[in-house]
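Step one of this worksheet: look at the structure below.
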Amino acid sequence: MSAQHTQSNYPKIHNAMWPGLVGKGSPGAEPCIDLDTMLDLTARAEVDGIRFDGVDLFLFDPHVSIELDDDGIKRLAQKVQAKGFVVGSVVAPVWGPTGGGSAMGSDEDRKRFVAQVRKACRIGQRLRELGARPYGVVRIDSACNVEDWSKDPEGNQAKIARTFNEACDVAEGFGERLAAEGEICWGGMHSWKKMVELLQRVSRPKTLGFQADMAHTLLYVLGYNAPEDTILPPDWDWSDAHLLNEAMKTLTRALRPWTIDFHVAQNDATVHGSGTHDKTGHHCLPNDPKGRLTIAHHAGYWLHGDDGGLTKACRHICWDGCMFPNEVMMKPDTWNDILRTMLAVRDAHGWREEKEVAAPKPARAVEITPNRAAARPPAERVRPARRQAAPKAAKAPGRKAAAKPARKTGARSKPRQQMSVAKAKLRKPKGAGRAAAQPKRPKRRKR
């Protein structure tokens, strides 16, 4: 590592693959950028001899089919690993147009939502088993818009919570965790207060957490789509850096305890939409002169606790450049600048681990052996030890045969006496030898 960087090797640095798909491919939008091209662009980026560590994936065609079979998952793992990468977080295609359904919709909509989560968890689990995915979550959102949600805020929020709870049941079965990404375009998640309320309603912090994207969360403090929940005052002046920092403290104090996945991004404090994607936080290049965030500084509010210590809740961080123009994405300098920004975040908020952690296996696979051992009765568990001890007694098989009946009847004194007599007889020759040598001892004492 270059001397100008710290020795931190965590959090790992990832690039998102979905900017090649999101807001693209529909009529009037730019064409999609295929996964191989996105991987190549990421692999070529290098700053001071340092490269990206991995990628986060969108489980949707034409990148990765949510219906991928086992052989397809193996090929995907090999493709990613061939670039020197691992997979981190994966996005479940929970929206209606991608095969899912609204989390606050009809029973059928909600079933499709949960079914897509199940398929995503299956792929995520298999990638872990193959050693290609050492960390990461399955990303979800409510898959409904704010206008529809606002027709019945209480009823719809309750429905979303029930759907998320069902999704949590599924995720736990695969040893996965879910992260709900807060964006102003998703009903019930469109304000920081509603986001916190939803997480609290579900109340499954070990399974469901929050995915913070810096471009989206900036709009939380500005009150987009929820003016009643704005943190900054209406007459906000961007020259007042202190007030922005205080707003970020308020926001992160509420959502940081739930944050398990983190996207580094820049925003110019505006919204943007492309193709079929609703308007949401505008992702800008990291060095955009209109960008309102001091990226490395403001990332610290998410990665450090109130006590100033690192939370280490995110094993990797990911750059998200959703809806960047294809022309911008095809430039090598774009990815070098992004990687440089990601390194600045790790230099400021990273840590070092000497031992790299291997990809964990699913919980169900790990528990098989301990559960079987625990199910055995105590007497059964000690039998192997007795079998191992048997070869030691092979020199005197007669003694062991005599001892076995005694154990069953409970009369142990007689066999032990017989063994003592036998040992005494064996010691007689040695005793005789010592007796023969006894006369010499007085002579040594006289000297």
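Each reported figure results from applying straightforward, stated rules to the coordinates on display, with no laboratory input. Nothing here was measured: the structure is a model prediction, and the numbers come from that model.
The amide H of HIS316, built 1.01 Å from its N in the peptide plane, has LYS12 as neighbours under 5 Å, considering only residues 5 or more places off or on other chains.
Here's how it looks for VAL91: its modeled amide H is under 5 Å from those of LEU57, PHE58, LEU59, ARG139, which are all 5 or more places away or on a different chain.
For the stretch 35-40, the Karplus equation 6.51 cos²θ - 1.76 cosθ + 1.60, evaluated at θ = phi - 60°, returns couplings of 5, 4, 5, 4, 5, 5 Hz by residue, with Gly and Pro reported as x.
Is the stretch 169-249 best put as rounded, prolate or oblate by its Cα gyration tensor, with a ≥ b ≥ c the root eigenvalues, rounded for a/c under 1.5, and otherwise prolate when a/b is larger than b/c, oblate when not? Walk me through the numbers on the way to the answer.
Working: a/c = 2.99, a/b = 2.34, b/c = 1.27.
Prolate.
Under 17 Å Cα-Cα from LYS249, which aspartates and glutamates qualify once same-chain neighbours fewer than 8 residues away are excluded? Leaving aside aspartates and glutamates fewer than 8 places away in the same chain, those within reach of LYS249 are ASP213, ASP229, ASP240, ASP306, ASP307.
Can you tell me how the stretch 202-344 classifies by the Cα gyration tensor, rounded, prolate or oblate, using a/c under 1.5 as the rounded cut?
Details: a/c = 1.41, a/b = 1.19, b/c = 1.19.
Rounded, since a/c falls under 1.5.
Applying a threshold of 31 Å to the alpha-carbon distances of LYS74/LYS206; LYS24/LYS194; LYS24/LYS83; LYS12/LYS151; LYS12/LYS290 flags LYS12/LYS151 as lying beyond it.
Compute the whole-percent fraction of alpha carbon pairs in the stretch 1-91 spaced more than 17 Å apart.
Numbers: 2199 of 4095 pairs.
Result for the distance tail: 54 percent.
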